[in-house]
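Participant: So that we are looking at the same thing, I have put the structure below in structure tokens.
The values are calculated or read from the model by the stated rules, or taken from the named source; none is laboratory data. All values reported here derive from a predicted model rather than from experimental measurement. Here the Cβ positions follow ideal geometry from the backbone for every residue, glycine too, while neighbour counts run over all protein chains shown.
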Amino acid sequence: MPINMLKTKFAEIAVCVAATPDTPSAPLVTETAHAAKGYDLDVTVPADRVTGAARIMDEAAFMLEAITGVDWMAEQQFEIVYDYTAVALGARVVVRARVPRATPELPTISRIYPGANWHEREAHDFFGIVFTGHPELIPLLLPEDADFHPLRKDFGA
Amino acid sequence: MSIEAQTLHRETFILNLGPQHPATHGVLRIKLTLDGEYIEDAEPVIGYGHRMHEKMGENRTYAKFLPNTGRMDYVAAMFNTHGYVCAVERLAGITVPERAEFIRVITAELNRVASHLLWVGAFLIDLGGFTPLLYTFDDREQILDLLEAVTGARLTFCYYRFGGVCNDIDDDFIAGTRKFIAHLRSRMPMYHALITKNIIFRRRCEGIGPISAENCRKYGATGPVIRGSGVAYDVRKAEPYSIYPRLDFNVPVYGQGDCMARYLVRMDEIVESLRIVEQALDRLPGGPVMAEKVPRILKPPKGDCYFNVESARGSFGVRVVSDGTDKAYRMKLRSPCFSNLSLFQECSRGMLLADALALLGTLDLVIPDIDR
Amino acid sequence: MEKQTEIPRGLIHFAMLDEVLNLARANSLWPMTFGLACCAIEMMATGASRFDMARFGCEVFRPSPRQCDLMIVCGTVNKKMAPAVITLYDQMPEPKWVIALGNCAISGGPFKFPGQYAVVEGVDKLIPVDVYVPGCPPRPEALIEGVLELEKKLTGRRRWPIASAS
Amino acid sequence: MSLSHEFIMGLVRLTLYVVGLIAFAAFNAAYLSLCERKVPAWFQLRYGPKEVGPFGLLQPVADGVKLLTKQLLVQKGSDVLLFKLAPVMVITPAIMCLAVIPFSETLGARNINLGLLAIFSFSAIHVLGTMLGGWASYNKYASIAAARVVAQNIAYEIPLLLVIVALVMVTRTFNLHEIVAQQAGAFWHWNIFRLQASPLMPLAFLIFFTCMLAESNRAPFDMIEAESELVAGAFTEYSGMGFGLFFIAEYANIVVGCSLATVLFLGGWHCPFGLLPGLHWFMIKMYVLCFAVIWVRWSFPRTQFYGLLNLSWKFLIPLAFVHLMLTAVMLKLA
């Protein structure tokens, strides 16, 4: 695996994300050991920057593997995790964003990655996260009339 | 386009394919908008097999979740267990004895062969040929016999444990596996004569349902689908795990991106898997099959990790988020079929119904794996 | 207390005909091509060469519910699927039978836990079930046994005596 | 007195023939369907039905009785009259075709001069029946199948008739008895080997056989019942004996097709070696062809619909035309 090439790519991504204007907080970019974590780069971006991050990943020819949510009850936040993998490099990047639990909204990346459509619908099913601009945010796995979000930690409580 | 053609009234109708339909291999439903027999839009509707695996991952201990993993992609259950076990081991920092790694690879690759054999038969049923299914099932039963002897299950294996495997393999298994490898190798020319060289089969597969490499990337399609589109992406090579880096095997790639390419990828993978099993058997070391000092109730440290394996259908990933307790805080299961199916809507546009169903067949879907 | 009246004996007896009909029906159970989850693979295996369900004349898997006699509910029925299962059952012409194959179809199986939101806990909550075949998934032999049990239910006698343990 | 006697005898004869033909068709349907399950079972390394009666011989009886006593469902919204009429329209012509087929020199319901023509006029009706059945079902799968059956049968009727026209030019008769009589003697007298009339005769037989498969909607041309695409195609909504009649008609059509192939190309009741002509030779030839039909079904995947039409319009029809022209030229030269 061409490690150097990887690193420069990661640096580029980090620079690009960091360089986006009017960012309230600079993105957190940490390099992680693949053997310990299963991914090479851990990027945290503000919620409204996920599309920018997705665009960078798209330009670097990464593939979108999954989008998932994590309900951090204690912090009253949802974490949205985007898993990217590079087909050619065998490298894996995690992009995270956090939204408040009360107003879980962030932009969709389904225009950049059409495959994100279903993943976002699934995250909406499970957590009730609203992806603004999503073409059809209707239940995917749950029944059409489902109004519950089972993977929220307070579900059923 | 001439004016008449433009003003011609085009009538489309909606056909609801499924949830019970012979071609969808389970409870997939496809909302088809058809113009005659041409597909204008095919929207898969999933969730008819949703079984809350991710929820269950959160409300039971790590060990109690093990049987669930075998019930997602039940045709290739070993891989799901493998991915899950490895993810937890990575998080908890457990090292697996070498012999156990070898046994894992042997059983997983045998399961891949079984899964592909089942797929070949099921795909031929989609095309209207019934007999190959019974031949492939006959060979598949022999694998199941072998695996049943060591795992105790025919289908939903729950064989791997954190830190190893639950049973050691014996000489009978090794001898039986070697015999089976020789047997299946001798059967492959028969399969090619019966299926690959069949003129109707070729006509129905060559050039049908092309999927571009770009589409695979955009939709996250992996496994034989992306390898049939000319991209040599295989988790076993890209992010080597277990003992795969020490084994010599090829990743079959076909560039056409059509149904035939995906079929040939799977047929070649059967042969490659047999090679892997043979090598692993040759080099099988002695020693224990379980790591010592694996706590009964596992409490991995806080943090998250990701592990993905090359399942029979593509990249199967597990993201475990631990909060330091004996239950996972979040268990994300990334199923390959989910992403593979999501490109169906785009790729089937403008195809004939029967061709689209052939394309659907080559995606090799296991519906409860999609719905989880 | 009502006066006990003797039930009048019918002029025409259909007992013999009934017996013939039941025998015919028991020997020609056409199942529906209907797979829900894991157990469906074992159902396919039952139809395949080694177990060969065809021996009892019940291998004619019909894709259309209109031509089926037997619905093998093989796998988890979830709440989204439940209306479809009921529809399929209603679409089958009488007389019809149901085999619940596997723990999920019997009771929800491993997916039954307090607070679960997706699974119907047993298909008998939706449609009447004739034979339950436990297992997760049941082996093909178990499904064949289930079919034989259903035949016994129809004809009143077993095809073969149960082999003794010795 | 003599007239009425003759009339009664005619009536008895007629009744016997009608009963006999229906019984023949039903018996064939029953046991060909058993063969359809036993024969592939042998290909597929299994037994097939074997527990119901000795060797599974009572299996068709069980199936038949069961189908007869199944509930008949008519879907709301379907055209009830046509829906119920369609199976009858499919089965009647199939049985009527049998009336003109000479099974042996003496055995045959009717020996009419235009026997060949009668068969083709009858068999055209069954297309209409299937189409109406599919259309009346008020089911989208069935409607698609109904559209398919028309396109398919028109496409295959043409090469079939072209081959027959060429054959009739050679034999100079529509009478099936005479056609068989012309082929008396050993197998090189059969029409399939009548190379002096047209060297393409064996090919013509293959065209005929292919078209016969397509006309009787058998795999690999079973587009109207394409399980993996259209559930059960035109028969999706038919339950019980409604479906059973389609089932019987399918096998009756196979019997008619194979009988016709035997009569037209394989020398009917004549022995391949010129010995002991008779019914048994006819039956042997016919059932060998039936076996081939089953064999093909279980060996090949289904064709794609445009592949099916392409095969007919781009290959079989031109070929049949060439055969027709060649036959005409050869006849003129002879």
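Participant: On the basis of being surrounded by fewer than 22 Cβ atoms within 10 Å (Cβ to Cβ), under 21 Å from the mean Cα position of the chain (by Cα), of a type outside the set (Val, Ile, Thr) and farther than 19 Å from D:Phe321 by Cα, does D:His177 make the cut?
Facilitator: yes
Participant: Quick check: anything in the range D:213-221 in contact with a Leu (Cβ under 8 Å, 6 or more places away or on another chain) and without any contact (Cβ under 8 Å) to a residue 40 or more places away in the chain?
Facilitator: Taking every residue of the range D:213-221 in turn, none turns out to be in contact with a Leu (Cβ under 8 Å, 6 or more places away or on another chain) and without any contact (Cβ under 8 Å) to a residue 40 or more places away in the chain.
Participant: Evaluate the range C:112-122: report whether one residue or more is crowded, with 23+ Cβ neighbours inside 10 Å and more than 7 Å from chain B (Cβ to nearest Cβ).
Facilitator: No, every residue in the range C:112-122 fails to be crowded, with 23+ Cβ neighbours inside 10 Å and more than 7 Å from chain B (Cβ to nearest Cβ).
Participant: Looking at D:Leu107, D:Leu98 in this structure, which one is within 18 Å of D:Phe24 (Cα to Cα), of a type in the set (A, V, I, L, M), in contact (Cβ under 8 Å) with a residue 40 or more places away in the chain and not in a helix (DSSP H, G or I)?
Facilitator: Selected residue: D:Leu107, the only one of D:Leu107, D:Leu98 that is within 18 Å of D:Phe24 (Cα to Cα), of a type in the set (A, V, I, L, M), in contact (Cβ under 8 Å) with a residue 40 or more places away in the chain and not in a helix (DSSP H, G or I).
Participant: On the given criteria, is A:Pro114 at pLDDT 85 or above and over 29 Å from B:Pro224 (Cα atoms)?
Facilitator: On the way: at pLDDT 85 or above: yes; over 29 Å from B:Pro224 (Cα atoms): no.
When the stated conditions are applied, A:Pro114 does not pass them.
Participant: For C:Val129, state whether it is assigned to a loop (DSSP other than H, G, I, E, B) and either β-branched (Val, Ile, Thr) or closer than 15 Å to C:Cys104 by Cβ (or both).
Facilitator: Details: assigned to a loop (DSSP other than H, G, I, E, B): yes; either β-branched (Val, Ile, Thr) or closer than 15 Å to C:Cys104 by Cβ (or both): yes.
In short, yes.
Participant: For the range A:23-94, give me every one of the strands (runs of 3 or more DSSP E) that falls completely inside it and has 2 or more residues that are surrounded by fewer than 20 Cβ atoms within 10 Å (Cβ to Cβ) and facing chain B (nearest Cβ under 8 Å).
Facilitator: Qualifying strands (runs of 3 or more DSSP E): none found.
Participant: Residues to consider are B:Pro224, B:Pro288, B:Pro252; find the one that is surrounded by fewer than 20 Cβ atoms within 10 Å (Cβ to Cβ) and not acidic (Asp, Glu).
Facilitator: Residue meeting the stated conditions: B:Pro288.
Participant: Picking from C:Ala100, C:Ala82, C:Ala142, C:Ala105, which residue would you name as being modelled with pLDDT of 85 or more, away from chain D (no Cβ under 13 Å) and in contact with a Leu (Cβ under 6 Å, 6 or more places away or on another chain)?
Facilitator: None of the other options fit; the residue is C:Ala82.
Participant: Let me ask another. Restricting to the range B:164-217, name every residue that is in contact (Cβ under 8 Å) with a residue 24 or more places away in the chain and within 14 Å of chain A (Cβ to nearest Cβ).
Facilitator: Scanning the range B:164-217 gives B:Ile211, B:Ser212, B:Ala213, B:Asn215, B:Cys216.
Participant: Right, something else. What is the one condition in (1) away from chain A (no Cβ under 14 Å); (2) on the phi > 0 side of the Ramachandran plot; (3) surrounded by 19 or more Cβ atoms within 10 Å (Cβ to Cβ) that B:Gly314 does not satisfy?
Facilitator: The number of the failed condition is (1).
Participant: Do we have any residue at all in the range D:58-76 that's free of Cβ contacts under 8 Å to residues at least 12 places away in the same chain and away from chain C (no Cβ under 13 Å)?
Facilitator: No: the range D:58-76 contains no residue that is free of Cβ contacts under 8 Å to residues at least 12 places away in the same chain and away from chain C (no Cβ under 13 Å).
Participant: If B:Ser348 passes every condition in (1) away from chain A (no Cβ under 12 Å); (2) within 30 Å of B:Ile169 (Cβ to Cβ); (3) in contact with a helix residue (DSSP H, G or I) (Cβ under 6 Å, 6 or more places away or on another chain) but one, which one does it miss?
Facilitator: For B:Ser348, the failing item is (2).
Participant: Name the residues in the range B:63-76 that are part of a helix (DSSP H, G or I) and over 26 Å from A:Ala35 (Cβ atoms), would you?
Facilitator: B:Lys64, B:Pro67, B:Asn68, B:Tyr74, B:Val75, listed by residue number.
Participant: Name every residue in the range D:158-182 that is in contact with a Leu (Cβ under 8 Å, 6 or more places away or on another chain) and not hydrophobic (A, V, I, L, M, F, W, C), in order of residue number.
Facilitator: Across the range D:158-182, the qualifying residues are D:Pro159, D:Asn175.
Participant: Return the residues of the range C:52-79 that are assigned to a loop (DSSP other than H, G, I, E, B), of a type in the set (S, T, N, Q) and within 12 Å of chain D (Cβ to nearest Cβ); say none if nothing qualifies.
Facilitator: Answer for the range C:52-79, where residues must be assigned to a loop (DSSP other than H, G, I, E, B), of a type in the set (S, T, N, Q) and within 12 Å of chain D (Cβ to nearest Cβ): just C:Ser64.
Participant: Could you check the range C:132-166 and list, in sequence order, the residues that are assigned to a helix (DSSP H, G or I) and among the basic types (Lys, Arg)?
Facilitator: C:Lys152, C:Lys153
Participant: Out of all the residues in the range B:226-237, which are within 12 Å of chain A (Cβ to nearest Cβ) and under 25 Å from A:Ile112 (Cβ atoms)?
Facilitator: The answer is B:Ile226, B:Arg227, B:Ser229, B:Gly230, B:Val231, B:Ala232, B:Tyr233, B:Val235.
Participant: Take B:Pro368 and tell me if it is surrounded by fewer than 24 Cβ atoms within 10 Å (Cβ to Cβ) and either of a type outside the set (D, E, K, R) or touching a helix residue (DSSP H, G or I) at 6+ places or on another chain (Cβ under 7 Å) (or both).
Facilitator: Considered against the rule, which asks whether it is surrounded by fewer than 24 Cβ atoms within 10 Å (Cβ to Cβ) and either of a type outside the set (D, E, K, R) or touching a helix residue (DSSP H, G or I) at 6+ places or on another chain (Cβ under 7 Å) (or both), B:Pro368 comes out as no.
Participant: Still on this structure: Go through the range D:218-241 residue by residue and tally those that are in contact with a Pro (Cβ under 9 Å, 6 or more places away or on another chain), at the interface with chain C (Cβ under 9 Å from one of its Cβ atoms) and over 25 Å from B:Arg204 (Cα atoms).
Facilitator: 3
Participant: Quick one: count up the residues across the range A:129-148 that are more than 23 Å from B:Cys337 (Cα to Cα), at pLDDT 85 or above and of a type outside the set (A, V, I, L, M, F, W, C).
Facilitator: Matching residues across the range A:129-148 total 2.
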